[in-house]
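So the structure is just underneath, and the comments pick up after that.
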Amino acid sequence: MKRLYDIAVIGAGIGGLTAGALLAKKGYSVAVFEAGHVPGGYCTSFKRQGFMFDSCLDAISGWGEYGWLRKVFKKLDIEEKIKMVRLEPLRVDNFAGDKINVPGTIPELINLLYGISPGEKDGILNLLDTMEEIYRIAMSTPPEVVYAYPGIKGVIGKYRDKTYKELLDEFITSPRARAVMCDRCAFLGLPPSKVSALVMTIMFMTYSSGGGYRIKGGACNLTDALVDALLGSGGELHLNAPVSDIIIEDGKACGIIVAGGKIRAKAVIAAAGAAAMCRVAGINADANKTSVSFYMVYLGLKDAPEIPDSMGYYPGYDIESTFADVARDVASPNASLEIINYSGLSPAMAPGGHTSVMLMSKAGYSYARPWNECRNYEADRVLSLAEKAIPGIKESVVFRETATPLTLEKYTGNLHGAAFGWEQSVSNTRISSHQRLRGLFFAGHWTYPGGGIESVAASGAAAAESAAALVNKEAYN
Ligand SMILES: Cc1cc2nc3c(=O)[nH]c(=O)nc-3n(C[C@H](O)[C@H](O)[C@H](O)COP(=O)(O)OP(=O)(O)OC[C@H]3O[C@@H](n4cnc5c(N)ncnc54)[C@H](O)[C@@H]3O)c2cc1C
């Protein structure tokens, strides 16, 4: 390990690795410091008794023609290093037995909604036109402008302070059509009445236009491709290297403290939980709320019934009510559930005749009882919920493991096991990456544009550009 770099990156999640790999490719001396013993943060995979699982992910966006993730991989010249498999359909929405195959293209989505609510064709078309316009502008405008520029006009200005429910209310009324349009609220962990119209639209549209993808062989392959790109261009990755502080001199970040030692750098990219990083850098990080966390049940199945690659189970069409008990009760009668079949698209992720599945349930960090006392009890309840969605699944279980919000926090340092950084509500949307200290840049899901692999790749690329500009400017001066 050297003692001086152009840029030091804190955290080897997808945000930090993206920044590090792009900077290394441009020839900067860069090192990524990771607290854990493996890189990837939430984007990792693990194997138990022959079954392989991604620790967290369901569907990855951003691999369509204009997707941010694809852009990063193109820039790094590593597009061919991973095999992305498109989910067809994008997902199956299961509303208490009413199963709807939701497509990953806009024309097919429009047709689906026309079929569901033939009397609302104008409303459906106008809604999707509006959402497409928001998405198009958001994808071609710097995120900080989209989310925070005070005078922004047009469709972004109109919907920035609205909730997703308010947006839908303007255009459609059919409960079944609205349920489909809200099926991915769990991806942001907020009900339609709270989630920002802007954030939800961008997330919904990126999946609905560019598609959702799985990484063949597991999410770890995405992480490995970025690590190889970083190392292949002369960058460094230091594992088991928790950063305990950021060195600030004359009002500028100029290094980090790792294992008690000083590493100096011309710029620092914090990609490891803005909340903690703001604290060590002495920045007031607002009183923002964190996003939802999850309770996961990883299952190895033998002779399982047919399980779609990605299914959302809901007790009815009222998506709002699936959030009612999140904080206290993961498997309440109101709860929704994500059912993810990993070995469907990657058969090597399970032994022959077997299936690797993850059940993912929204969960609060402070739970009714200590998590470790109730994780098995909750796993039984979550499995009973899954049985409603996929009859016969319970009988086929031969392996089971669980992870709670505490597990997520322990392995990634994400405050409260937050799945997507800050809560993406209207009041929380304007997060505080503008409260930067000179020389300190943020990447990852705590900064713009927010949670999800595609978004953190975008923030990593933006942070890399800003850090490189600062290093160049200082060299010139
Ligand atoms: C259950 C779940 C399901 C999800 N499903 C999806 C999905 O289907 N699709 C999708 O796109 N997104 C999904 N997400 C969200 C997505 O995984 C995250 O938004 C994204 O991976 C965050 O990347 P990151 O780089 O910001 O941070 P992280 O992945 O959190 O990585 C941060 C890294 O920093 C390290 N670190 C922390 N503190 C320090 C320190 N002091 N010093 C050094 N290193 C440190 C951590 O160990 C970690 O490796 C899901 C998340 C969860 C939890």
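The values are calculated or read from the model by the stated rules, or taken from the named source; none is laboratory data. In this text, all values refer to a predicted model and were calculated from it rather than measured experimentally. Backbone-built Cβ (ideal geometry, glycine too); neighbour counts: all protein chains shown.
If you filter the range 40-51 down to residues that are within 15 Å of the ligand (Cβ to nearest atom) and in a loop (DSSP other than H, G, I, E, B), you find that the one that is surrounded by the most Cβ atoms within 10 Å (Cβ to Cβ) is GLY41.
No other residue among THR141, THR173 is outside any helix (DSSP H, G or I) and over 20 Å from PRO449 (Cβ atoms) apart from THR173. The set of residues in the range 196-244 being part of a strand (DSSP E or B) and at pLDDT 95 or above consists of TYR213, ARG214, ILE215, GLU236, LEU237, HIS238.
Hey, does the range 454-466 have a residue that's outside the structural domain of THR141 (by TED's automatic domain parsing), part of a helix (DSSP H, G or I), among the charged types (D, E, K, R) and more than 9 Å from the ligand (Cβ to nearest atom)? Checking the range 454-466: at least one residue is outside the structural domain of THR141 (by TED's automatic domain parsing), part of a helix (DSSP H, G or I), among the charged types (D, E, K, R) and more than 9 Å from the ligand (Cβ to nearest atom). Is it fair to say SER45 is modelled with pLDDT of 95 or more, more than 20 Å from SER459 (Cα to Cα) and of a type in the set (S, T, N, Q)? Answer is yes for this residue. Of everything in the range 68-94 that is within 15 Å of the ligand (Cβ to nearest atom) and part of a loop (DSSP other than H, G, I, E, B), the residue that is surrounded by the fewest Cβ atoms within 10 Å (Cβ to Cβ) is ILE82.
Across the range 457-477, the number of residues qualifying as in contact with a Pro (Cβ under 7 Å, 6 or more places away or on another chain) and under 14 Å from ALA270 (Cα atoms) comes to 1. When GLY413, GLY417 are screened for being at pLDDT below 95 and in contact with a Phe, Trp or Tyr (Cβ under 9 Å, 6 or more places away or on another chain), only GLY417 passes.
When restricted to residues that are surrounded by fewer than 22 Cβ atoms within 10 Å (Cβ to Cβ) and at pLDDT below 95, the range 312-330 contains 5.
When the residues of the range 186-203 are narrowed to those that are away from the ligand (no atom under 13 Å from the Cβ) and of a type outside the set (A, V, I, L, M), which ends up surrounded by the fewest Cβ atoms within 10 Å (Cβ to Cβ)? Before the answer, list the steps.
Our first condition is that a residue be away from the ligand (no atom under 13 Å from the Cβ); within the range 186-203, this holds for 190-198, 200-201.
Next, from what is left, pick out any that are of a type outside the set (A, V, I, L, M): 191-194, 196, 201.
Values: PRO191: 22, PRO192: 23, SER193: 15, LYS194: 21, SER196: 28, THR201: 25.
Among residues in the range 186-203 that are away from the ligand (no atom under 13 Å from the Cβ) and of a type outside the set (A, V, I, L, M), the one surrounded by the fewest Cβ atoms within 10 Å (Cβ to Cβ) is SER193.
Scanning the range 4-28 for residues being part of a helix (DSSP H, G or I) and either surrounded by 24 or more Cβ atoms within 10 Å (Cβ to Cβ) or within 10 Å of the ligand (Cβ to nearest atom) (or both) gives a total of 11. Selection of first residues in the range 326-348 that are farther than 28 Å from GLY218 by Cα and free of Cβ contacts under 8 Å to residues at least 60 places away in the same chain and of second residues that are part of a strand (DSSP E or B) and of a type in the set (Asp, Glu), restricted to Cβ pairs under 9 Å at least 6 apart or on distinct chains, gives an empty result. Please enumerate the residues belonging to the range 265-300 that are within 12 Å of the ligand (Cβ to nearest atom), in contact with a Ser or Thr (Cβ under 7 Å, 6 or more places away or on another chain) and at pLDDT below 70. Residues satisfying the conditions do not exist here.
Per-residue answers, yes or no, for (1) in the same structural domain as PHE399 (by TED's automatic domain parsing); (2) buried (at least 22 other Cβ atoms within 10 Å of the Cβ); (3) more than 30 Å from THR404 (Cβ to Cβ); (4) touching a residue at least 12 places away in the same chain (Cβ under 8 Å):
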{"position": "GLU34", "(1), (2), (3), (4)": "no, yes, no, yes"}
{"position": "VAL38", "(1), (2), (3), (4)": "no, no, no, yes"}
{"position": "PHE53", "(1), (2), (3), (4)": "no, yes, no, yes"}
{"position": "TYR66", "(1), (2), (3), (4)": "no, no, yes, yes"}
{"position": "ALA96", "(1), (2), (3), (4)": "no, no, no, yes"}
{"position": "GLY115", "(1), (2), (3), (4)": "no, no, yes, no"}
{"position": "GLU120", "(1), (2), (3), (4)": "no, no, yes, yes"}
{"position": "ASN126", "(1), (2), (3), (4)": "no, no, yes, yes"}
{"position": "GLU133", "(1), (2), (3), (4)": "no, no, yes, yes"}
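Applying the criterion of being more than 19 Å from LYS252 (Cβ to Cβ) and not hydrophobic (A, V, I, L, M, F, W, C) to the residues of the range 29-39, the residue that is farthest from the ligand (Cβ to nearest atom) is HIS37.
Only residues that are surrounded by 18 or more Cβ atoms within 10 Å (Cβ to Cβ) and assigned to a helix (DSSP H, G or I) were counted in the range 98-109, giving 1.
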